[in-house]
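The values are calculated or read from the model by the stated rules, or taken from the named source; none is laboratory data. Please read these numbers as outputs of a predicted model, since none were measured by experiment. Virtual Cβ from ideal backbone geometry, glycine too; neighbours counted across all protein chains shown. Ligands, DNA and RNA are stripped out before the accessible areas are found, and what is left, the full protein with its side chains, is counted by its heavy atoms. Shrake-Rupley method; radii C 1.70, N 1.55, O 1.52, S 1.80 Å.
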Amino acid sequence: MFNYIKDENRGFKNLMNGEWIDGISSNLIDVNSPLDNSLLGRVPAMTKEDVDLVMKTAKDAQKKWNSVTISKRAEILYKSAELLLENIDELAEVMMMEIAKDRKSCKSEISRTADFIKFTADTAKNLTGESIPGDSFPGFKNNKISIVKREPIGVVLAISPFNYPINLAASKIAPALMAGNSVVLKPSTQGSLSGLHLARIFQQAGVPSGVLNTITGRSSEIGDYITTHKGINFINFTGSTEVGKRISKITSMVPLLMELGGKDAAIVLEDADLELTANNIIAGAYSYSGQRCTAVKRVLVVDKLADELVKKLKEKIEKITVGNPLEADADVVPLISSKAADFVCELIEDAREKGADLVIGGNREGNLIYPTLFDNVTTDMRLAWEEPFGPVLPIIRVKDMDEAIEIANRSEYGLQSSIFTENIDNAFYVADKLEVGTVQVNNKTERGPDHFPFLGVKSSGMGTQGIRYSIESMSRPKATVINLRER
Ligand code: NAP
Ligand code: G3H
């Protein structure tokens with residue numbers, strides 16, 4: 001099934017108007033594995049002319065797609081989910097090599113995505129419109145009724161990051177399609193092979209020509225061009241705050257849905273269940289080497305419990321599996337690039353120089369950074385504020401929950417936070433004051449289940465994802481007002 005998308009020299013193609021095509025120029029970008037630097041494939045460096053063709057195709061196809069019944073659209077999505085599962089082994093292999101995620105996590109990402117797609121189809125089938133009587137507003141009689149249904153927005157540009165190349169692409173595509181939009185997917189370059197495989201799945205399931213298209217290329221060459229293209233009606237972006245801010249600066253009158261960076265805090269109060277807290281912090285901070293937007297990226301612990309917590313975390317970190325996912329189901333794996341690893345090392349060095357206590361880790365082999373824990377991190381250190389996107393966790397000691405709230409909220413980010421306590425009053429007190437999209441009580445920060453609202457505030461994003469929320473974001477109300485003649 002996947003032979004269509006590449007040639008015998010591992011030159012991959014893009015999906016445009018139902019065909020797998022090379023770009024106009026013969027320029028290709030190498031995609032190498034972060035595991036062994038082997039060449040996995042080459043993707044077209046699409047040009048502005050290619051982009052124009054894709055946008056036109058998407059615009060033309062959207063009109064026809066909007067007239068396809070919702071139940072037919074749902075059937076195609078159910079088929080996509082089925083095909084994802086049928087091809088799970090091959091897809092997991094591609095993902096593992098491309099983004100260095102362990103095989104088990106790749107498979108769970110794919111099966112989660114199949115569930116996401118099915119749930120999206122179910123939800124869209126059950127969305128209803130409303131009719132609003134006019135006479136509930138002062139001064140109006142009962143002769144007006146507004147009938148409100150939802151309309152697609154048009155062409156959705158979906159830009160996905162490297163870390164969940166199947167899930168964070170599909171979680172844009174599926175709700176956009178169910179809402180009646182066409183989609184142009186621009187996957188991250190490292191992650192594009194997974195993204196192109198996903199596009200093939202949707203195509204094979206029956207998404208009509210032009211309704212889903214892909215663009216690969218260098219963001220430095222076509223990034224601004226695609227986001228400001230007049231053919232685009234909506235941008236659904238997941239990635240770094242830096243790129244998100246740039247997109248919001250250069251675009252105009254195009255609705256944006258953005259999921260960006262984070263610095264999620266785990267706040268630990270004196271009465272926390274220590275074992276549960278430590279287990280959650282370890283899983284939250286170190287799985288997939290901390291390369292999750294929702295990773296636990298700092299711990300704010302009250303002084304009284306800090307020594308015990310640090311001791312427990314250290315014991316658990318010693319047991320984390322580290323290494324190459326080809327050899328074992330490692331939790332801590334090589335980072336996506338040497339640039340990413342260099343950045344994490346800068347943060348480690350800064351913390352060391354400024355006097356934080358290195359509890360464990362701090363060493364690097366190539367792009368592999370060992371799970372690292374710093375205690376007594378202070379607010380003058382970069383690690384207190386910056387998102388490492390790597391397996392490095394700072395412990396910041398605080399005197400009480402108010403100080404924890406103050407430091408948590410001083411961050412530019414506001415994705416999620418956790419609060420660990422056995423006292424429900426304190427949990428609500430802290431939760432109410434945190435400036436984030438979601439607060440987890442006695443659990444690590446995490447996105448799922450995927451029908452929950454998922455959003456970031458401040459520099460962590462704008463708009464809300466989550467299955468129903470995503471469908472609603474990528475559609476708009478259309479009102480038809482019936483004006484009855486007076487009798
Ligand atoms: P990134 O560097 O911002 O890239 C994200 C996507 O944007 C990629 O497809 C990238 O393509 C593209 N891009 C880069 N520059 C662009 C431009 N000027 N115009 C248009 N597109 C452009 O992020 P990443 O390294 O892939 O992912 C890590 C970041 O994403 C972290 O900060 C993480 O917190 C955040 N993230 C957030 C969420 C969330 O839901 N809040 C989820 C996952 C990740 P190229 O690869 O071709 O440059
Ligand atoms: O990287 C960001 C993902 O949306 C995180 O999802 O919390 O399920 O790992 P997750």
Report task. Please give the FRET efficiency for residue 485 paired with residue 69, using the beta carbon to beta carbon distance and R0 = 45 Å, rounded to the nearest 0.05. Result -> 0.85
Query raised in the report: For the range 265-453, what value does the Rg/Rh ratio take when both radii are computed over Cα atoms and Rh is the Kirkwood radius, given to two decimals?
Result: 0.95
Query raised in the report: So what is the accessible area of the chain per residue, in Å², with the probe set to 1.4 Å?
Result: 42 Å²
Query raised in the report: What are the trypsin sites (Lys or Arg not before Pro) within the range 217-280 that DSSP puts in a loop, where the Cβ has at most 14 other Cβ atoms within 10 Å?
Result: 218, 230
Query - the range 1-99: GluC sites (Glu not before Pro) falling in loop per DSSP and having at most 11 other Cβ within 10 Å - result: 8
